[in-house]
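**Student:** This is the structure I have questions about; it appears just below.
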Amino acid sequence: MASLSIDSAKILHNIRVVQDFCASRKMRLVGVVKSLQMIPTLVTLFQEAGIEALGISDVDIHTRLGKPLDGEPMLIKIPKPSQADTIVRNFRASLGSELVTIRALSEAAHRQRVTHELTLMIELGDLREGVLPGNALRHVREILEFSSPYLRLVGLGANLACCHGTLPSVENLAVLDEIATEAERRLGHRFDKVSVGGSVMLDWLEKHAAPPRINELRVGEAIVLGTIPGSDRRHPALLQDAFVLKGTVVEVKDKATAPLPEAGTAGRGREPLGRAVPGKRAIVDLGYINTVPRGLKCMDEHVRHVCSTSDYSVFDVTDCPRQLAPGDEIEFIPDYRAMTQSLMSPYVAREIV
């Protein structure tokens with residue numbers, strides 16, 4: 001059975017690095033744990049490290065944990081209107097973009113006499129959630145008109161390099177700054193924060209100064225994997241091997257490097273290996289039910305993914321210095337998708353050290 005080794009000390013190291021990064025720029029850190037939220041021990045690790053604000057996408061995480069979250073839990077997944085009562089009861093803050101849902105949150109907060117904080121999401125080009133910039137002031141005005149005293153519109157927010165890989169720039173980040181300034185000038189409403197999500201901001205902020213109103217970063221991938229989305233860059237101060245997926249070699253044979261001529265649809269997506277001679281292939285006991293195989297980087301050199309099925313993956317090991325044999329364990333560093341799938345899969349054993 002495939003297994004996932006999780007090194008909590010390495011995650012803690014990455015947390016500390018990102019905390020220092022944000023503190024040096026006078027920005028509040030929201031630790032995004034949506035990839036880890038099914039494992040209470042790892043959620044607690046973030047809290048024990050001193051991260052008060054946790055970014056969570058599971059509305060029912062409190063049921064999974066068996067207790068309310070301490071600190072300032074923030075729902076970072078755009079909710080459904082029907083979830084308003086649960087959200088207000090269990091989360092101090094949430095992100096929103098649809099007026100019908102924001103109205104439901106306002107009504108739920110009023111019924112429960114609980115203050116709930118809202119960050120209005122703005123679309124900056126990544127084409128996921130958010131109000132178009134040209135409609136932002138109208139949305140702010142409407143929210144202020146219908147909100148109860150228990151719903152506080154505290155911020156503007158955006159995501160970058162999450163869906164379409166849109167990178168931060170002086171121009172797109174300035175949009176948030178300008179909307180906040182205009183809201184204050186024209187509507188008399190002052191935002192406490194301007195929040196940007198995406199580990200890509202760590203890379204960008206090393207070379208650029210953020211607009212003055214941006215004072216909150218929501219960071220997940222960089223903490224858990226040490227990588228920067230949008231550029232596939234490894235951050236030099238962060239550790240990339242906090243998560244290691246392990247599989248077992250079950251077969252090693254010399255075989256052709258391409259399927260027989262009449263291959264069907266199962267052969268689509270196979271990467272050409274660039275050799276016309278037979279090569280050595282190893283079958284490892286993990287596949288699509290365990291992880292996203294194409295998102296694995298083997299810790300052995302010169303091992304290339306060829307293809308996968310539900311519970312097998314085939315790798316070309318012709319040039320691998322290690323002479324692999326059935327029964328040998330082989331280790332991989334997963335990317336974000338592969339890690340998340342491995343954490344969710346019932347066919348992957350987990351070990352936290």
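**Student:** Scan the stretch 4-20 for residues that are surrounded by fewer than 18 Cβ atoms within 10 Å (Cβ to Cβ) and under 19 Å from ASP285 (Cα atoms) and jot them down.
**Tutor:** Scanning the stretch 4-20 gives a single hit, SER5.
**Student:** Also: From the list SER35, SER8, SER24, exactly one residue is touching a helix residue (DSSP H, G or I) at 6+ places or on another chain (Cβ under 7 Å) and at pLDDT 95 or above. Which is it?
**Tutor:** SER8
**Student:** Turning to a different aspect of this structure: Which of the following residues is among the aliphatic types (A, V, I, L, M), in contact with a Leu (Cβ under 7 Å, 6 or more places away or on another chain) and either in the same structural domain as ASP70 (by TED's automatic domain parsing) or part of a helix (DSSP H, G or I) (or both): LEU127, LEU156?
**Tutor:** LEU156
**Student:** Under the condition of being of a type in the set (A, V, I, L, M, F, W, C) and modelled with pLDDT of 95 or more, which residue from the stretch 297-313 is surrounded by the fewest Cβ atoms within 10 Å (Cβ to Cβ)?
**Tutor:** Ranking the candidates gives MET299 first.
**Student:** For residues that are over 15 Å from GLN37 (Cα atoms) and of a type in the set (A, V, I, L, M), scanning just the stretch 320-353, find the one that is surrounded by the fewest Cβ atoms within 10 Å (Cβ to Cβ).
**Tutor:** VAL353
Okay, residues lined up against (1) of a type in the set (Phe, Trp, Tyr); (2) in a loop (DSSP other than H, G, I, E, B); (3) under 14 Å from ALA242 (Cβ atoms):
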site: ASP311; (1), (2), (3): no, yes, no
site: ARG322; (1), (2), (3): no, yes, no
site: GLY327; (1), (2), (3): no, yes, no
site: PHE332; (1), (2), (3): yes, no, yes
site: GLN341; (1), (2), (3): no, no, no
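**Student:** In addition: How do the strands (runs of 3 or more DSSP E) wholly within the stretch 1-100 filter down when requiring 1 or more residues that are free of Cβ contacts under 8 Å to residues at least 24 places away in the same chain: which remain?
**Tutor:** 72-75
**Student:** Looking at PRO278, PRO293, which is the one that is in contact with a Ser or Thr (Cβ under 8 Å, 6 or more places away or on another chain) and buried (at least 20 other Cβ atoms within 10 Å of the Cβ)?
**Tutor:** Among PRO278, PRO293, only PRO293 is in contact with a Ser or Thr (Cβ under 8 Å, 6 or more places away or on another chain) and buried (at least 20 other Cβ atoms within 10 Å of the Cβ).
**Student:** Quick one: in the stretch 22-42, which of the residues that are closer than 21 Å to SER94 by Cα and among the basic types (Lys, Arg) is farthest from the chain's Cα centre (by Cα)?
**Tutor:** This residue is ARG28.
**Student:** Hey, another quick one. Does any residue in the stretch 109-138 that is without any contact (Cβ under 8 Å) to a residue 12 or more places away in the chain and surrounded by fewer than 21 Cβ atoms within 10 Å (Cβ to Cβ) come within less than 9 Å, Cβ to Cβ, of a residue that is part of a loop (DSSP other than H, G, I, E, B) and of a type in the set (Asp, Glu) six or more places away or on a different chain, and which pairs are these?
**Tutor:** Pairs that qualify, where the first residue is without any contact (Cβ under 8 Å) to a residue 12 or more places away in the chain and surrounded by fewer than 21 Cβ atoms within 10 Å (Cβ to Cβ) and the partner is part of a loop (DSSP other than H, G, I, E, B) and of a type in the set (Asp, Glu), are LEU132/GLU123.
**Student:** Given the options GLY188, GLY197, name the one that is surrounded by fewer than 18 Cβ atoms within 10 Å (Cβ to Cβ) and at pLDDT 95 or above.
**Tutor:** GLY188
The values are calculated or read from the model by the stated rules, or taken from the named source; none is laboratory data. The structure presented is a predicted model; accordingly, all values stated were derived computationally and were not measured. Here the Cβ is made from the backbone with ideal geometry for all residues, glycine too, and neighbour counts use every protein chain on show.
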